[in-house]
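Worksheet: the structure to be examined is printed underneath.
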Ligand SMILES: Nc1nc2c(c(=O)[nH]1)N[C@H]1C(S)=C(S)[C@@H](COP(=O)(O)OP(=O)(O)OC[C@H]3O[C@@H](n4cnc5c(=O)[nH]c(N)nc54)[C@H](O)[C@@H]3O)O[C@H]1N2
Ligand SMILES: Nc1nc2c(c(=O)[nH]1)N[C@H]1C(S)=C(S)[C@@H](COP(=O)(O)OP(=O)(O)OC[C@H]3O[C@@H](n4cnc5c(=O)[nH]c(N)nc54)[C@H](O)[C@@H]3O)O[C@H]1N2
Ligand SMILES: [Mo]
């Protein structure tokens, strides 16, 4: 059993390049899973945890938000889900001795990989003003410190309450209640950097910012378009759903600048046949240029409109608004511009059209490849246009499927973690708790950073996540964070955000999904909502990493008492004792949660209502589903530059780095690599194996540089490059964001290459 963290810190990694893989999962995935799990957890704990992932009496996998479905295999785990579990259930520990030995400056010099590998944090620690290291602190004192700083603020709007998407419904509901009782809507969350563009586009067009399909819909679709998503790595269990859809006759189109292994062929580790041969998934691959999707979908829509009988006129007349405007805009779409924007050829687009016209039931799935561009919101609206034209919303086997990231990111939003809450939500909250919530909007992630930078925000509180690691423009963000009076992180493990602090700082260690949660009222469970609006319970079964940990709901409840004092009539103590009492309140505040405790007790939980899906009712401003007709945009690329997307390797969970390999892409032992099309590389004089700096170009003229990347010749679309996040966040300008959603445009950064001398070993 090897549970010691690595001693060295391979900041300067040495990438090795193998062959690109053409299939995902299979035996190597299983072997790799068990090796990683046993290194972190040992053999016994590995068996204890991996058997409980996503079982009806077990815990919700902290890996991703893909739903579980009804027929669960004993091992309903995937390689990357298992890695997420192992990372949390590790036997490695970070104790106060560790902080005594490692001053903050030392932590700041370490890589994110090294920090994460140190293990679970066991006690609350405090960095006093002027001190160079964290020291142990009691929970009481920790809450007092936060209360001191919060009550000293000139306005509640000088406080920021960030949430990452692993937080349970119960903890999220309490956190937004605390913020609003305190007096602010400053509730930025990871969603602002993730699917905010999907939420914006869907709310405007169909009236609800969530996907409209279930697993059964996927299984019954004729055509599934997967655009801007790498499920083989980021949602591996989705591959089983795609496989099942294919065996029932579905076709799959993938739209991506990269040929992703998981979408090419899937070797299902749950079946013997799958392990041997695997199933080919993609029928048609559109190797699109970064940012070309809106142009592609607009042209497809034009051709649908121009094909006799292709538009579902019954649906369009009865349920939609704005068809004429779209039809007029679509008339202008032209082939030449579309071919330039997409880099595709005419035959391929016509082949896609034929498949779309042959399909009665179409689903479009997407993730970060569509959401993180300047024109992401109009791009996703154009996807909605495509579905509306053929009546593909609100009937079986059809619909929109934004595939969420963090396992409860959708639930956190449902619970009110949102800087721009609906007035109806605040009214219900106020009625239930006898409070007066602020009505003016709060800061999202990017505006929070600007507020810290400009001195308008002074206390930063994070319920999970790694704010400085995950956000753009690292240098700007870190300087902004250092201006805070107090930074507080409720965390399971160490990360960069603990090393870049305000004048004072606290780390509050918490239970994770896999940990047993016992309160004064007995053993507790929490609830989560998956990407398809299913709500179900999650119960950990492991002995917590230390007796000093508090659960997230307990931390918020105690903090609320310290901050709000006796003036608050909210029963925070009751909430901490028995989470069922939190759910009773949620049931009265959030629509769709009526009878919450009873319904969530049923095996598998329940599904939230979704008007477009359930009754073809569209709660938009027009009362109908809205077609939209924004002008087509695509990124302009100056001579000698490439468009860089910042994406995930197979060995990471956002800023948590599991290892230094990206197996399907054939990259080993290093993360500072940049994938470039061989022809572009030739034009730019970038030899495979040479080293280069990436320099981003933005209208503010500021130089943003990420030094020392190894060039990898890789079959990405022409004009495009790819490198891993978060190493490249330094290149993403803070104000390069998507229109409307304000999501950082981390998938379209214009870069030039500055090669610096001889290749390194
Ligand atoms: N193992 C693991 N699982 C995860 C995560 C993780 O880090 N590790 N993260 C979780 C989170 S929070 C999220 S949001 C999801 C992220 O899931 P993904 O969105 O799959 O993650 P990315 O690695 O950002 O991949 C983006 C994909 O979009 C493609 N792409 C980039 N630009 C464009 C474009 O302009 N057009 C098109 N059509 N495609 C484009 C890229 O080539 C890539 O395949 O995964 C979740 N699950
Ligand atoms: N350049 C670039 N930037 C990006 C992206 C990109 O594609 N490119 N993707 C964006 C996306 S989609 C997202 S979602 C964000 C992610 O942003 P975040 O959600 O802020 O980042 P994570 O890396 O997921 O956070 C990891 C940390 O969460 C803590 N943690 C883990 N489990 C728990 C738990 O159960 N409770 C608590 N309290 N803490 C826990 C651990 O301390 C761990 O270090 O990053 C965004 N940033
Ligand atoms: Mo995400």
Scanning segment 379-414 for residues that are part of a helix (DSSP H, G or I) and within 13 Å of ligand 1 (Cβ to nearest atom), the one farthest from the chain's Cα centre (by Cα) turns out to be 382
Note on segment 194-207: residues at negative phi and touching a helix residue (DSSP H, G or I) at 6+ places or on another chain (Cβ under 9 Å) are 194, 195, 196, 197, 198, 199, 200, 201, 202, 204, 205, 206
Across (1) in a strand (DSSP E or B); (2) more than 16 Å from ligand 1 (Cβ to nearest atom), residue 174 clears everything bar (1)
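Can you pull out every residue in segment 657-672 that is crowded, with 22+ Cβ neighbours inside 10 Å and either under 18 Å from residue 228 (Cβ atoms) or within 15 Å of ligand 2 (Cβ to nearest atom) (or both)?
Taking segment 657-672 as the starting set, the residues that turn out to be crowded, with 22+ Cβ neighbours inside 10 Å are 657, 662, 664-665, 667, 671.
Selection gives 657, 662, 664, 665, 671.
Search segment 617-649 for residues being within 16 Å of ligand 3 (Cβ to nearest atom) and in a loop (DSSP other than H, G, I, E, B), and hand back the single one that is nearest to the chain's Cα centre (by Cα). Spell out how you get there, then give the answer.
Taking segment 617-649 and keeping what is within 16 Å of ligand 3 (Cβ to nearest atom), we get 645-649.
Retained after the next criterion (residues that are in a loop (DSSP other than H, G, I, E, B)): 648-649.
Values: 648: 11, 649: 14 Å.
Of everything passing the filter in segment 617-649, 648 is nearest to the chain's Cα centre (by Cα).
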Of all helices (runs of 4 or more DSSP H) fully inside segment 436-494, the set with 2 or more residues that are over 23 Å from residue 128 (Cα atoms) is 445-453, 474-482
If we keep only residues of segment 538-554 that are under 12 Å from residue 170 (Cα atoms) and crowded, with 23+ Cβ neighbours inside 10 Å, then the residue farthest from the chain's Cα centre (by Cα) is 554
If we keep only residues of segment 152-171 that are assigned to a helix (DSSP H, G or I) and more than 9 Å from ligand 2 (Cβ to nearest atom), then the residue farthest from residue 372 (Cα to Cα) is 156
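Conditions tested, residue by residue: (1) under 21 Å from residue 371 (Cβ atoms); (2) out of contact with any strand residue (DSSP E or B) (no Cβ under 9 Å at 6 or more places or on another chain); (3) within 14 Å of ligand 1 (Cβ to nearest atom).
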residue	(1), (2), (3)
184	no, no, no
211	yes, no, yes
233	yes, no, yes
237	yes, yes, yes
242	yes, no, yes
Every listed condition ((1) modelled with pLDDT of 95 or more; (2) out of contact with any strand residue (DSSP E or B) (no Cβ under 8 Å at 6 or more places or on another chain)) holds for residue 687 save (2)
All conditions in (1) touching a residue at least 60 places away in the same chain (Cβ under 8 Å); (2) away from ligand 3 (no atom under 16 Å from the Cβ); (3) under 23 Å from residue 488 (Cβ atoms) are true of residue 67 except (3)
Exactly one of 611, 601 is under 26 Å from the mean Cα position of the chain (by Cα) and surrounded by fewer than 21 Cβ atoms within 10 Å (Cβ to Cβ), and that residue is 611
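Given the options 416, 434, 469, 455, name the one that is within 16 Å of ligand 3 (Cβ to nearest atom) and in contact (Cβ under 8 Å) with a residue 12 or more places away in the chain.
Details: 416 fails: within 16 Å of ligand 3 (Cβ to nearest atom); 434 fails: within 16 Å of ligand 3 (Cβ to nearest atom); 455 fails: within 16 Å of ligand 3 (Cβ to nearest atom).
Among 416, 434, 469, 455, only 469 is within 16 Å of ligand 3 (Cβ to nearest atom) and in contact (Cβ under 8 Å) with a residue 12 or more places away in the chain.
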_Quick check on segment 417-427. Is at least one of its residues surrounded by fewer than 20 Cβ atoms within 10 Å (Cβ to Cβ) and assigned to a loop (DSSP other than H, G, I, E, B)?_
yes
If we ask which residues in segment 670-709 are within 23 Å of residue 650 (Cα to Cα) and free of Cβ contacts under 8 Å to residues at least 12 places away in the same chain, their number turns out to be 0
Of the residues in segment 101-126 that are surrounded by fewer than 19 Cβ atoms within 10 Å (Cβ to Cβ) and touching a strand residue (DSSP E or B) at 6+ places or on another chain (Cβ under 9 Å), the one that is modelled with the highest pLDDT is 104
(1) more than 27 Å from residue 345 (Cβ to Cβ); (2) buried (at least 22 other Cβ atoms within 10 Å of the Cβ); (3) at pLDDT 95 or above all hold for residue 239 apart from (3)
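Can you name every residue in segment 351-366 that is farther than 21 Å from residue 394 by Cα and within 15 Å of ligand 2 (Cβ to nearest atom)? I'd like the intermediate steps shown before the answer.
Step one: filter segment 351-366 for residues farther than 21 Å from residue 394 by Cα, giving 351-354.
Result: no residue meets the conditions.
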Yes or no: segment 485-500 includes at least one residue that is more than 19 Å from residue 172 (Cα to Cα) and more than 24 Å from the chain's Cα centre (by Cα). yes
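Each row is one residue, and each column tells you yes or no for (1) under 25 Å from residue 647 (Cβ atoms); (2) touching a residue at least 60 places away in the same chain (Cβ under 8 Å); (3) touching a strand residue (DSSP E or B) at 6+ places or on another chain (Cβ under 7 Å).
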| position | (1), (2), (3) |
| --- | --- |
| 385 | no, yes, no |
| 401 | yes, yes, yes |
| 405 | yes, yes, no |
| 412 | yes, yes, yes |
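Can you report the number of residues in segment 13-67 which are on the phi < 0 side of the Ramachandran plot, part of a strand (DSSP E or B) and at pLDDT below 80? Explain how you work it out, then say what you get.
Filtering segment 13-67 for residues on the phi < 0 side of the Ramachandran plot gives 13-24, 27-41, 43-53, 55-67.
Narrowing the set further to residues that are part of a strand (DSSP E or B) leaves 16-17, 24, 53, 59.
Then keep just the ones that are at pLDDT below 80; that gives 24, 53.
So the count comes out to 2.
From the list 393, 380, pick out the single residue that is in contact with a helix residue (DSSP H, G or I) (Cβ under 6 Å, 6 or more places away or on another chain) and under 20 Å from residue 736 (Cβ atoms). Step through it out loud before you land on a result.
Values: 393 fails: under 20 Å from residue 736 (Cβ atoms).
Result: 380 is the single residue among 393, 380 that is in contact with a helix residue (DSSP H, G or I) (Cβ under 6 Å, 6 or more places away or on another chain) and under 20 Å from residue 736 (Cβ atoms).
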_Yes/no for residue 180 being under 28 Å from residue 526 (Cα atoms), more than 16 Å from ligand 1 (Cβ to nearest atom), surrounded by fewer than 23 Cβ atoms within 10 Å (Cβ to Cβ) and modelled with pLDDT of 95 or more_ = no
Checklist line | Hey, residue 159 surrounded by fewer than 18 Cβ atoms within 10 Å (Cβ to Cβ), away from ligand 1 (no atom under 16 Å from the Cβ) and either over 16 Å from residue 491 (Cα atoms) or free of Cβ contacts under 8 Å to residues at least 60 places away in the same chain (or both) or not | finding: no
In segment 127-139, anything free of Cβ contacts under 8 Å to residues at least 12 places away in the same chain and loosely packed, with under 13 Cβ neighbours inside 10 Å is listed as 130
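Restrict the check to segment 185-195 and report whether at least one residue is more than 16 Å from ligand 3 (Cβ to nearest atom), assigned to a helix (DSSP H, G or I) and either under 22 Å from residue 453 (Cα atoms) or in contact (Cβ under 8 Å) with a residue 60 or more places away in the chain (or both).
Restricting attention to segment 185-195, the residues satisfying the condition of being more than 16 Å from ligand 3 (Cβ to nearest atom) are 185-187.
Okay, now just the ones that are also assigned to a helix (DSSP H, G or I), so none.
Within segment 185-195 (the criterion being more than 16 Å from ligand 3 (Cβ to nearest atom), assigned to a helix (DSSP H, G or I) and either under 22 Å from residue 453 (Cα atoms) or in contact (Cβ under 8 Å) with a residue 60 or more places away in the chain (or both)), the answer is no, since none of the residues qualifies.
The values are calculated or read from the model by the stated rules, or taken from the named source; none is laboratory data. Not measured: the values here are computed from a predicted model. When we count neighbours, we look across all protein chains shown, and the Cβ atoms used for this are built from the backbone with ideal geometry, even at glycine.
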